[in-house]
Amino acid sequence: MPDPLVLAADVETELVEKRSRFLTRLHRVAEVEQADALLRTARAQHPDARHHCTALVLGETAQRAEMHRSNDDGEPAGTAGMPMLQSLLHAGAVDTFAIVIRYFGGVKLGAGGLVRAYTAGVEQALAAATLLRRTELVVARIEVPPAEVGLAENAVRVWAAAQGATVEPTQYSARSAVLTVLVAPEELEALAADTARWSSGRHAVEEDGRRTADVPR
């Protein structure tokens, strides 16, 4: 199953269909209350809009199962919120709240036209957004003497840059320094081999659990 995607930043786009304006906003959210507050803001900013249709996908956590919600806000049932939700699900987006603000242009679009417009609005916004991949990374630690920190940090950062891994700030104690690298599970063996190479076998990589992180696609 592919990793889910999350927004790097909120985005807004506009689509015009037969003089109706469809303003689509995508927001990154972590809970229903955030989505509710964003909808209230949209209504306050666009009080003259005919509809404020929504779709919400919240990813699975230890506290809840994955959550899906949608609302047609007065459009014919199934022509707005559900197509928006299906667009988010098809893209693999989670922790995402979509609002489509419609200003009616005087021409009725019909059920099929509405489905196409609301679908296109969300798809257009997703195409404009920067999306990150949510994945599980290994927390890898390398302990070295303080005298070798410079060599270790340089070697680890060079390797991490080539592999797209993340190096966290070095932690120091009186006797040692600990370098922490967030690395894809399949790259752990390569990190261990590189560490053995630059340290001439003096140091090893220790796995210290897993962590969920949002990384570039």
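Miscellaneous remarks
- Other-chain or far-sequence residues with amide H under 5 Å of ASP3's (modelled H): none
- Rounded to the nearest 10 square angstrom, MET82 shows an accessible area of 80 square angstrom against a 1.4 Å probe.
- Solvent-accessible ranking of ASP48, ASP36, largest area first, probe 1.4 Å: ASP48, ASP36
- Entry comment: accessible area of the range 49-155 is 43 Å² per residue, from protein heavy atoms only and a probe of 1.4 Å.
- Per-residue HN-Hα couplings for the range 96-112 [Karplus 6.51, -1.76, 1.60; θ = phi - 60°; Hz; x = Gly/Pro]: 10, 10, 10, 10, 10, 9, 10, 9, 5, x, x, 10, 6, 9, x, 4, x
- Protein accessible area in the range 61-164, 1.4 Å probe - carbon and sulfur %: 53
- These residues, VAL16, VAL167, VAL138, go from largest to smallest accessible area, 1.4 Å probe, as VAL16, VAL167, VAL138.
- Taking every protein chain into account, the 1.4 Å probe leaves VAL115 with about 50 Å² of accessible area, to the nearest ten.
- Dipole of the chain [Lys/Arg +1, Asp/Glu -1 at C-beta], most positive-end residue of LEU109, GLY121, LEU89: LEU109
- From phi via Karplus (6.51, -1.76, 1.60), per-residue ³J(HN,Hα) for the range 156-170 in Hz, x at Gly/Pro: 5, 5, 4, 5, 4, 4, 6, 9, x, 8, 10, 9, 8, x, 5
- The range 11-67: proportion of alpha-carbon pairs further apart than 15 angstrom, %: 57
- Furthest towards positive pole of dipole, PRO145, LEU56, PRO4, structure part the chain, Cβ charges: LEU56
- Surface exposure of the range 159-217, expressed per residue as accessible area with a 1.4 Å probe, stands at 62 Å².
- Computed with a 1.4 Å probe over protein heavy atoms only, the accessible area of ARG50 comes to about 140 Å².
- Accessible-area order (highest first, 1.4 angstrom probe) of the listed residues LEU39, LEU179: LEU39, LEU179
- R0 of 22 Å, Cβ-Cβ distance GLN34-GLU168: FRET efficiency to nearest 0.05: 0.20
- For the range 7-15, backbone phi angles converted through the Karplus equation (6.51, -1.76, 1.60; θ = phi - 60°) give residue-by-residue couplings of 6, 7, 7, 5, 8, 9, 9, 9, 10 Hz, Gly and Pro being listed as x.
The values are calculated or read from the model by the stated rules, or taken from the named source; none is laboratory data. What you see is a predicted model, and the numbers here were worked out from it, not measured in a lab. Cβ: placed from backbone, ideal geometry, glycine included. Neighbour counts: every protein chain shown. Just so you know, the surface numbers come from the protein's heavy atoms only, side chains and all, with ligands and any DNA or RNA stripped out. Shrake-Rupley method; radii C 1.70, N 1.55, O 1.52, S 1.80 Å.
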